[in-house]
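Data block below; observations after.
No value in this document is a laboratory result; all are computed from the given coordinates. Note that this is a predicted model, so its numbers are computed, not measured. As a convention, Cβ positions derive from the backbone with ideal geometry for all residues, glycine included, and neighbour counts pool all protein chains shown.
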Amino acid sequence: MTALLTDPLLDLRVTDALALDLLGPGPGRYAFTPDELVVPEQQRRATIGAVVPAYNEESTIKAVLKGLLRQTRLPDVVHVVVNNTTDRTFARASKLAGEHTVVRKGVEQVTRVYVHDLGRLADKKVGALNYGFRLVRGADYLLGVDGDTVLAKDAVERLEAEMSSDPRIGGISAIYTVDNTDAPRGLPRFLLTGQRAQFAAFNLQNLLRGRNMAVLGGQASLFRTSALEAVMTAHHQASPWVSDSEVEDSLLSLQIKSLGYSTKISATARATVGGMTTLRALDGQQVKWNYGAIDLMWPGQRGDTQGQPFHPNLRLRWMENASMVVNALTRVVFGLLVAGAASIGAFEFSPVWLVPPAVAVALNVRTALSMRDRNWRDVLFAATLVPAEVYMWIRIGHFVRAWAKFLSRSRTDNWAAQAKAERGAGWAYLSPVVVGVSTLAATGWAWTLLPVEARSAVLAVGWPVLGVVTVVQTLFMLRRVVRRQHGFRA
């Protein structure tokens with residue numbers, strides 16, 4: 001008896017025997033190969049529009065554009081959007097404007113560089129990004145690159161490959177670091193090395209969290225334009241970036257994530273960003289970043305920025321803030337307890353106190369060794385403890401300043417404050433030192449007023465509490481020291 005199988009599309013009829021050959025695992029005459037079973041998708045080359053917002057970048061803009069033009073995968077168009085600039089950024093960038101044709105792997109690629117000077121923009125970088133978005137709106141992807149960021153020659157190719165491999169990705173950021181090789185000796189080189197260590201720890205945390213990136217930073221990130229369009233529709237915005245937040249890139253990342261897209265950090269694409277070489281400039285940058293993050297974390301609504309304390313992208317932010325609180329308190333309390341014990345002749349050194357610093361050094365060294373382009377300064381910075389400790393105190397000052405501005409409901413323009421700091425103006429960065437010294441002096445004076453019995457009671461309670469907190473903190477650091485890194489390089 002013959003059974004018939006009918007294909008509604010091809011109207012093919014086969015016998016039982018042929019059907020067994022067709023459906024069975026054996027390599028019969030009618031077995032399909034994988035190429036025959038899978039209908040290949042139609043391939044088309046995606047389009048990438050690069051947007052480079054530039055504010056007073058005359059010293060770096062040519063290197064940035066040359067970095068884009070030497071890519072193994074050229075962007076299809078590059079728009080340099082100069083804004084609020086008082087230097088020769090436009091003139092320097094204009095020298096590379098026009099059409100550029102290169103041959104990569106035997107394939108001719110063409111791109112065109114446009115340079116726009118928008119004069120004074122009230123929305124500063126946000127306005128420049130949105131202007132660039134309107135220019136590249138028809139492209140598949142928008143590549144945002146800061147005016148002081150130089151991409152590795154294969155960065156665009158790697159970002160595009162990762163983005164196109166998964167339609168769920170709404171945006172992906174490169175791994176970025178700061179170059180400290182040619183920095184002047186002394187404070188500038190110290191600060192740049194500290195920023196390298198800070199960025200390496202941040203990158204490594206994101207890489208080890210499933211490569212989920214909380215912030216698609218403006219330094220070097222590739223966005224799916226359909227995701228940007230979806231953000232505009234869902235949040236009733238006229239443009240992807242808004243000026244309501246101090247950290248426009250963090251807010252946009254939250255919005256993209258909220259719509260079901262993933263926000264990732266690349267496993268391999270890399271970029272070098274410009275660092276801050278003065279305490280004043282570093283303070284302006286870091287306080288703006290911290291203030292903006294707090295604004296997003298805080299429950300409720302401030303202005304037009306809705307606090308989203310339980311958003312998945314903010315978990316790492318909460319961990320960072322909790323870590324800074326613990327780091328600050330353990331250091332301050334330890335110093336006060338040692339001074340208090342010495343004041344009543346009860347000071348006794350214990351070798352156990354050396355364990356937390358030793359674990360901290362091990363963690364710092366492991367982070368430094370995870371950096372792909374590490375140099376001897378990075379390793380020495382981590383291994384000698386003192387430089388890393390000094391930089392930690394600087395970061396604590398930024399942290400305290402940001403929270404103080406937030407809790408005081410100060411609505412100062414932190415963009416303008418950062419720009420002012422980078423110009424070498426302002427003394428706000430010294431306020432944590434002034435407040436800290438004043439507080440310590442007041443605490444010392446109050447301590448002298450206490451009777452010896454009260455001082456002993458304070459020490460009797462303070463040391464055990466500090467011991468418990470320090471043990472927990474040390475265990476967390478030790479966990480990070482022994483954690484597998486799965487081959488990732490910061």
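Annotations for the structure displayed:
- ³J(HN,Hα) computed for each position of the stretch 189-204 - Karplus, 6.51 cos²θ - 1.76 cosθ + 1.60, integer Hz, glycine/proline x: 5, 4, 5, 5, 5, x, 5, 4, 5, 5, 5, 4, 5, 5, 4, 5
- Taking amide H as placed 1.01 Å from N in the peptide plane, the amide H of Leu208 sits under 5 Å from none that are at least 5 places away or on another chain.
- Label positions at Asp117 and Lys95, each projected 7 Å from the Cα along the C-beta direction, are separated by 1.6 nm.
- Comparing Leu449, Asn83, Leu316 along the charge dipole axis of the chain, the residue lying farthest to the positive side is Leu449, per the Cβ-charge model.
- Using 0.36 nm per residue and subtracting the Cα-Cα separation, the extra length available between Arg88 and Val461 on full extension is 128.2 nm.
- Remark: the stretch 362-378, residue by residue, has Karplus-estimated 3J(HN,Hα) of 4, 5, 4, 5, 5, 4, 4, 5, 7, 6, 5, 10, 4, 10, 5, 5, 5 Hz, where x stands for each Gly or Pro and the curve is 6.51 cos²θ - 1.76 cosθ + 1.60 at θ = phi - 60°.
- Full-stretch length increase - Val332, Ala446 - with 0.36 nm per residue and alpha-carbon distance subtracted: 39.4 nm
- Going by neighbour counts of Cβ atoms within 10 Å, the residues Glu229, Glu58, Glu248 line up, fewest first, as Glu229, Glu58, Glu248.
- Prolate/oblate/rounded label for the chain (Cα gyration tensor, a/c 1.5): prolate
- Along the axis of the charge dipole computed for the chain (Cβ charges of +1 for Lys and Arg, -1 for Asp and Glu, origin at the Cα centre), the listed residues Ala227, Val386, Val113 are led at the positive end by Val386.
- Overall form of the stretch 48-312 per C-alpha gyration tensor (a/c, 1.5; a/b vs b/c): rounded
- Degrees separating the helix 124-135 axis from the principal Cα axis of the chain, which is the longest one: 0 degrees
- Going from the residue with the fewest nearby Cβ atoms within 10 Å to the one with the most, Ser245, Ser173, Ser343 rank Ser343, Ser245, Ser173.
- Cα-based reach from Lys62 at 26 Å (exclusive), listing lysines while leaving out same-chain residues under 8 positions away: Lys95, Lys105, Lys124, Lys125, Lys153, Lys420
- In a fully extended conformation the segment linking Ser258 and Thr181 would gain 23.7 nm over its present Cα-Cα distance, using 0.36 nm per residue.
- Rounded tilt (10° steps) of 386-407 against the dominant C-alpha axis of the chain: 80 degrees
- Set of the stretch 80-115 residues, backbone N closer than 20 Å to the point 7 Å along the Cα-Cβ line of Thr47: 80-81, 98-102, 108-115
- FRET efficiency estimate (nearest 0.05) - Cβ-Cβ, Leu385 to Ala428, R0 22 angstrom: 0.15
- Around the amide H of Ile169, modelled in the peptide plane, lie the amide H atoms of Ser262, all under 5 Å away and 5 or more residues distant in sequence or on another chain.
- Taking the Cα centre of the stretch 48-312 as reference, the dipole from Cβ charges on Lys and Arg (+1) and Asp and Glu (-1) amounts to some 540 debye.
- Ranking of Asp182, Asp166 by count of other Cβ atoms within 10 Å, fewest first: Asp182, Asp166
- Against the chain, whose longest principal axis is taken from its Cα atoms, helix 315-343 shows a tilt of about 20°.
- Whether the stretch 315-482 is rounded, prolate or oblate, judged on the alpha carbon gyration tensor where a/c under 1.5 counts as rounded: oblate
- Using the Karplus relation 6.51 cos²θ - 1.76 cosθ + 1.60 with θ = phi - 60°, the per-residue 3J(HN,Hα) values for the stretch 172-188 come to 9, 9, 6, 7, 10, 9, 10, 8, 10, 5, 9, 6, x, 5, x, 4, x Hz, with x marking Gly and Pro.
- FRET E, pair Phe347, Phe310, Förster distance 45 Å, beta-carbon r, rounded to 0.05: 0.50
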